[in-house]
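Undergrad: Sharing a structure, written as structure tokens. Questions coming.
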Amino acid sequence: MAATKGIDVGSWDVARAVGGLAEVVSDGVNGSLARTDDELADALRRIPDYDPFVVAGTAARFSLERHRAGMAAIWATVLEARRGRTDSETAGSDPGAT
């Protein structure tokens, strides 16, 4: 979470290339990823000149609006599939049968 917040405000992130950090930090674009302690120390010593507006622009993929749109699309697909299953289940039944 801290990595996305830092990127959101235009800060260059230096992180270990573990877990979700490798999905958040794009090496050389909005931060530096390190695999070893030596690489981490080197990355901290060599933070490049960067444009904070470019870095902040990469945070758009983590926006609340994008998350909501993605979730809405998923739920629309689930509901459509459920409607299709319900329609096919009721298509062969006789509502007047007991």
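Undergrad: Being in contact (Cβ under 8 Å) with a residue 24 or more places away in the chain and within 15 Å of ARG45 (Cα to Cα) is the filter; apply it to the range 15-34 and report the residue that is surrounded by the most Cβ atoms within 10 Å (Cβ to Cβ).
TA: Applying the first criterion (in contact (Cβ under 8 Å) with a residue 24 or more places away in the chain) to the range 15-34 yields 16, 24, 26, 29-31.
So of that shortlist, the ones also within 15 Å of ARG45 (Cα to Cα) come out as 16, 31.
Values: ARG16: 16, GLY31: 23.
So, considering only residues that are in contact (Cβ under 8 Å) with a residue 24 or more places away in the chain and within 15 Å of ARG45 (Cα to Cα), the one surrounded by the most Cβ atoms within 10 Å (Cβ to Cβ) is GLY31.
Undergrad: Identify, from the list ASP87, ASP94, the residue that is modelled with pLDDT under 90 and either surrounded by 10 or more Cβ atoms within 10 Å (Cβ to Cβ) or in a helix (DSSP H, G or I) (or both). Break it down into steps so the answer makes sense when it comes.
TA: Numbers: ASP94 fails: either surrounded by 10 or more Cβ atoms within 10 Å (Cβ to Cβ) or in a helix (DSSP H, G or I) (or both).
Within the list ASP87, ASP94, the selection yields ASP87.
Undergrad: Is the range 67-81 home to any residue that is within 30 Å of GLY6 (Cα to Cα) and modelled with pLDDT under 90?
TA: Pass one, the range 67-81, residues within 30 Å of GLY6 (Cα to Cα): 67-74.
Cutting the leftovers down to modelled with pLDDT under 90 gives us 67.
Yes, some residue in the range 67-81 is within 30 Å of GLY6 (Cα to Cα) and modelled with pLDDT under 90.
Undergrad: If you don't mind, there's one more thing I want to ask. Of all residues in the range 42-65 being acidic (Asp, Glu) and assigned to a helix (DSSP H, G or I), which is farthest from the chain's Cα centre (by Cα)?
TA: Ranking the qualifying residues of the range 42-65, first place goes to ASP42.
Undergrad: What residue, among those in the range 1-40 that are basic (Lys, Arg) and not in a helix (DSSP H, G or I), is nearest to the chain's Cα centre (by Cα)? Give the steps one after another, and end with the answer.
TA: Filtering the range 1-40 for residues basic (Lys, Arg) gives 5, 16, 35.
Going one step further and asking which of them are not in a helix (DSSP H, G or I), we end up with 16, 35.
Working: ARG16: 18, ARG35: 21 Å.
Looking at the filtered set, the residue picked out is ARG16.
The values are calculated or read from the model by the stated rules, or taken from the named source; none is laboratory data. Not measured: the values here are computed from a predicted model. Here the Cβ is made from the backbone with ideal geometry for all residues, glycine too, and neighbour counts use every protein chain on show.
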